[in-house]
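Heads up: the structure comes next, in C-alpha cells.
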Amino acid sequence: MTTLTDDRRVRARDASPARYFYLHMALACAATAFLGFAPTYWVPLAHRTLSASPVIHFHGLLFFTWSVYFVLQTWLAASGRLVNHRSLGIAGVSLATAMTIFGFLASVHVMQHSAALGQREAGIGFSIVPMSGIAFFAIVFVIAIMNTRRGEIHKRLMLLAAVSILDAAIARWFLTFLAPPGPPGPPPVPVTIAPAVVASLLLVVAMVRDWRTEGRVHPVYIYGTLALLAVKVLNWPISETAAWHAFAGGILALAQ
C-alpha cells in the first residue's frame, strides 16, 4: 500500500508541469487578446474617447470574459480541482452561446456601419471574416464539450477554440501600426490571413510540446490547425463570390 501511494505521488508530481502547460497557454491567449485590443478599444475606452454601439461593447465584454474564464478553467484543471472545473463548464456553455450570438450581431453591425460609409459591398465581403471565425469557434467548442470525458482531446480542442478567435486581436496591431492610411471602412479580406497565421504560432508551441513530451503531435493540433488556416485562406475567394454577397446581403437587408 505504501509503495502504491508513493507511486501515485510520483506520477502526480511528474504530471504537474504538463497540466500547468495549458494554464500558461491560456494566460498567453488572454494576454494576446488584451494587448491586441488595447490600442483600439481599451485605451480609448479608458480615455472616454471610444464611440461604439452597445452591441460592440457587449461583444467585447463577452469575449474578454471568455479570456478570464479560460484561464480560470485551466487553473482549476491544473490544480486538480476537476469537480469545480466540470461544474463551471456549464457556465462556459452559456458564455460560448452568448459569444456566438453577439459575434454574429457584431458582424451585422459592421456591415451596417460599412453601408453607412458608402462601402456596402466591401462590408458584405468582409463580413465573412467574423462570421466564419465565430462559426469555427462554436463548432470546435461543441466538439470539445462532446469530448469532456476524453481529457487529452478536450483540452486540446479548448485551446484550439481559444486560439481561433485571437486573429481579431492581432489584426488590430497590424491595422494600427502597419496598415497604410486610407478611408474608413472594412479592410480587404486578404489582410486578415497574416494575423491568423501569427495566432496559429501558439498552436505550433503546443505541437512542439507534444512532440517533446509524447513523441508525436496530437491529431487535434494537426487537423485543427489545418482547418483553421484553411478557413482563413478560403475566406478570400469566397468573399468575392455572388453567392456570399447574396447570403450576407440578405442578412443585411433584414437587419436594416
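The residue that is most open to solvent (accessible area, probe 1.4 Å), counting only those in the range 240-256 that are touching a residue at least 40 places away in the same chain (Cβ under 8 Å) and of a type outside the set (D, E, K, R), is GLN256. Filtered by the rule that a residue be out of contact with any helix residue (DSSP H, G or I) (no Cβ under 6 Å at 6 or more places or on another chain) and open to solvent by 60 Å² or more (accessible area, probe 1.4 Å), the range 146-165 gives MET146, ARG149, ARG150, GLU152. Scanning the range 70-80 for residues that are of a type outside the set (A, V, I, L, M) and on the phi < 0 side of the Ramachandran plot turns up PHE70, GLN73, THR74, TRP75, SER79. Test LEU35 against the stated conditions and say whether it is touching a residue at least 24 places away in the same chain (Cβ under 8 Å), exposed (fewer than 15 other Cβ atoms within 10 Å of the Cβ) and in a helix (DSSP H, G or I). Here the answer is yes, as LEU35 does meet what is asked. All of (1) of a type outside the set (Val, Ile, Thr); (2) open to solvent by less than 20 Å² (accessible area, probe 1.4 Å); (3) modelled with pLDDT of 95 or more hold for ALA171 with one exception: (3). Only one entry in PRO237, PRO219, PRO186, PRO190 is in contact with a Gly (Cβ under 9 Å, 6 or more places away or on another chain) and either aliphatic (A, V, I, L, M) or open to solvent by 20 Å² or more (accessible area, probe 1.4 Å) (or both), namely PRO186. Would you be able to say whether some residue in the range 184-195 is among the aliphatic types (A, V, I, L, M) and under 26 Å from LEU27 (Cα atoms)? The answer is yes, given that some residue of the range 184-195 is among the aliphatic types (A, V, I, L, M) and under 26 Å from LEU27 (Cα atoms). Please indicate, with yes or no, whether at least one residue in the range 3-13 is at pLDDT below 90, within 22 Å of ILE170 (Cα to Cα), open to solvent by 50 Å² or more (accessible area, probe 1.4 Å) and not polar (S, T, N, Q). Within the range 3-13 (the criterion being at pLDDT below 90, within 22 Å of ILE170 (Cα to Cα), open to solvent by 50 Å² or more (accessible area, probe 1.4 Å) and not polar (S, T, N, Q)), the answer is no, since none of the residues qualifies. Within the range 192-210, residues that are over 9 Å from ASP167 (Cβ atoms) reach partners that are assigned to a helix (DSSP H, G or I) and among the polar types (S, T, N, Q) with beta carbons closer than 7 Å, at six or more positions or on different chains, in the pairs LEU203/THR225.
All conditions but one from (1) over 15 Å from PHE63 (Cβ atoms); (2) surrounded by fewer than 22 Cβ atoms within 10 Å (Cβ to Cβ) apply to ILE124; the one that does not is (2).
Here's the yes/no breakdown for (1) at positive phi; (2) surrounded by fewer than 18 Cβ atoms within 10 Å (Cβ to Cβ); (3) modelled with pLDDT of 90 or more:
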site	(1), (2), (3)
LEU82	no, yes, no
ALA91	no, yes, yes
ILE101	no, yes, yes
PHE104	no, no, yes
GLN112	no, yes, yes
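Of the candidates VAL140, VAL55, VAL129, the single residue that is surrounded by fewer than 21 Cβ atoms within 10 Å (Cβ to Cβ) and either modelled with pLDDT under 95 or out of contact with any Phe, Trp or Tyr (no Cβ under 7 Å at 6 or more places or on another chain) (or both) is VAL55.
The values are calculated or read from the model by the stated rules, or taken from the named source; none is laboratory data. Here the structure is a predicted model, which is why all the values come from computation and not from measurement. Note that we place each Cβ from the backbone using ideal geometry, even for glycine, and neighbour counts take in every protein chain shown. Please note that ligands, DNA and RNA were not included when accessible areas were found on the heavy atoms of the full protein model with its side chains. Shrake-Rupley method; radii C 1.70, N 1.55, O 1.52, S 1.80 Å.
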